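> Following this message is one structure expressed as structure tokens.
The values are calculated or read from the model by the stated rules, or taken from the named source; none is laboratory data. Remember, it's a predicted structure, so these values are computed and weren't measured experimentally. Glycine also receives a Cβ, built like all others from the backbone with ideal geometry; neighbour counts cover every protein chain displayed. Side chains included, ligands, DNA and RNA excluded: accessible areas come from the protein's heavy atoms. Shrake-Rupley method; radii C 1.70, N 1.55, O 1.52, S 1.80 Å.
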Amino acid sequence: MKTETTIQGLTASLSPAKAARKIIGFVPTMGNLHEGHLNLVREARKLCDVVVVSIFVNPIQFGPNEDFDNYPRTLERDQQLLADVGCDIVFAPTVEQMYGNQPRLTNISVNNITDDLCGAQRPGHFDGVAVVVTKLFNMVQPNFAFFGQKDYQQLAVIRQFVRDLNIPLEVIGVPITRAADGLALSSRNGYLSPEHREIAPVIYQSLQTAAQQLTSGTALSDALNTIRATLTDAGFVVDYVEARSPELQKVDSFNQDVVLFVAAKIGKTRLIDNLQVKFTAS
Ligand code: AMP
């Protein structure tokens, strides 16, 4: 496995694979890797000849009061984990390498589906994601790019601009990897105190309870209220609890497949999760 820190080095490392028309798979990450990331790499390994993983903590997707400076950076450990799952090339550029010294005057803004859920609390976040992912796509030029359903809205945003801008690759969504107690794996779980880590699985439990309620006839608004109450009782500060169609359109009843979304803070740590609930007409 090679690690490249410059665009030139990346291009040079990729050129034999491109010349041989190999299938290139790409997994963008911010590092501090866990099994969720590694499952994206395993998925890429199955479908592709050459697997590239980027590790880049992208400053322009963090708000002024967010955790950019403190975001965990663990490159050596990440490299070891990636070597073990068969990654071919790690691309770990500096901020300067990615953004250069000239001002950036171009933005990529996806309308409508970025207005609410995480977009409401994190203005500019998805623009920052869209810009960095597009830059990385142009650098790697993969055939397939792999993203987690854990960041469901992000996946929808990426699918949208890939389609809108005719970016020539296929986006693959990979299911959420969870800890044994159901907590969705996240680099931010490392911020949790032992007490908060014990409470954190309540998010997934409340989503599962709501899914059961919906399939046994409870009204959507009641199921969402139960999630809110459960989280508040457990000590979370709820940011949002919402239901959307799989394409992120608003829904007011459970008469089609829905995705339940939660964002909630426990202490200072903001956690997100989601669960798709299938509708079967009886
Ligand atoms: P991040 O490093 O947090 O930017 O995440 C990089 C990629 O890994 C994104 O596509 C995430 O959706 C995905 N990812 C993070 N955590 C998980 C998880 N628990 N299950 C599946 N994918 C994940």
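> Accessible area of the chain with a 1.4 Å probe: how many percent of it is carbon plus sulfur?
48 percent
> Here's something else I'd like to know. Quickly rank 185-194, 19-28 as a protection proxy: mean count of other C-beta atoms within 10 Å, highest first.
19-28, 185-194
> Counting alpha carbon pairs within less than 8 Å and at least 6 residues apart, what relative contact order, in whole percent, applies to the stretch 187-264?
25 percent
> Once Rh is set to the Kirkwood radius over Cα pairs, what Stokes-Einstein translational diffusion coefficient, in µm²/s, holds for the chain at a temperature of 10 °C and a viscosity of 1.306 mPa s?
Roughly 80 µm²/s, to the nearest whole number.
> Taking θ = phi - 60°, what integer Hz values does the Karplus form 6.51 cos²θ - 1.76 cosθ + 1.60 yield along the stretch 21-38, in sequence order, with x for Gly and Pro?
Using θ = phi - 60°, the values come out as 6, 6, 7, 9, x, 10, 10, x, 9, 9, x, 6, 6, 9, 4, x, 4, 5 Hz.
> Below 8 Å between Cα atoms, with a sequence gap of 6+, how large is the relative contact order for the stretch 142-200 in percent?
Value for the stretch 142-200: 34 percent.
> Same structure, new question: Please report, in whole Å³, the volume per residue of the convex hull around the C-alpha atoms of the stretch 187-274.
85 Å³
> Hey, another quick one. So how do 91-99, 40-48, 160-168, 121-129 stack up, highest first, on mean other-Cβ count within 10 Å?
The most tightly packed comes first, giving 40-48, 121-129, 91-99, 160-168.
> Something else about it: Tell me the mean residue ellipticity at 222 nm calculated for the chain from its helices only (DSSP H runs of n ≥ 4, each -39500 (n - 2.57), averaged over every residue, nearest 500).
Mean residue ellipticity, 222 nm, calculated: -11500 deg cm²/dmol.
> Same structure again: Given a 1.4 Å probe and the protein chains all in place, what does the accessible area of C87 round to, in Å² to the nearest 10?
Its heavy atoms expose roughly 10 Å² to the probe.
> Let me check against my output: what whole-number percent is the relative contact order of the stretch 2-174, with C-alpha pairs under 8 Å and at least 6 apart?
29 percent.
> Of N70, V171, L207, which is farthest along the charge dipole of the chain in the positive direction, counting Lys and Arg as +1 and Asp and Glu as -1 at C-beta?
V171
> Counting only DSSP beta bridges with both residues in the chain, tell me the antiparallel percent, nearest 5.
50 percent
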